[in-house]
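Engineer: Provided herewith is a single structure, encoded as structure tokens, for subsequent inquiry.
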Amino acid sequence: MGSRLTWPQICRSDEYKGRWVALDACKYDPRTAQPAEGTVVDADADLAALCSRMQASDSKHCAILYCDARGFRDEPPASRRSTPAPAPPRAYH
């Protein structure tokens, strides 16, 4: 692995669809807080197996994200384009 890809490229790839993907040096879109790109370190359909490998490796600070068909859309559906997004929930500690 070790390929630097955009999140849309990862989500469109048959190699990663339906799998958990470990990304190193992951960058996020500051507007949406969604992943934008990263270096693919590893991927697996089994989250526990992927986490075990990550713990055993030097790549302990990766973002682990699930890649599915809903992970990226080129354009929001027309019905959602004109509707403002609801405020994100607040966490109280």
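Every number here is computed from the coordinates shown, using simple stated rules; none is lab data. Since the model is a prediction, treat every value here as computed from it, not as a measurement. Positions of Cβ are backbone-derived with ideal geometry, glycine not excepted, and every protein chain shown enters the neighbour counts.
Engineer: Taking H as built 1.01 Å from N, whose amide H comes closer than 5 Å to the amide H of E37, not counting residues under 5 places away?
Structural biologist: Under 5 Å from the amide H of E37 lie the amide H atoms of W7, K27, each far enough along the sequence or on another chain.
Engineer: In nm, give the distance between the simple-model label positions of S59 and D14, each being 7 Å from the Cα along the Cα-to-Cβ direction.
Structural biologist: 2.3 nm
Engineer: Sticking with this structure for a sec: Suppose the chain between A33 and A49 were pulled fully straight at 0.36 nm per residue; how much longer would it get relative to their current alpha carbon spacing?
Structural biologist: Using 0.36 nm per residue and subtracting the Cα-Cα distance, I get 3.1 nm.
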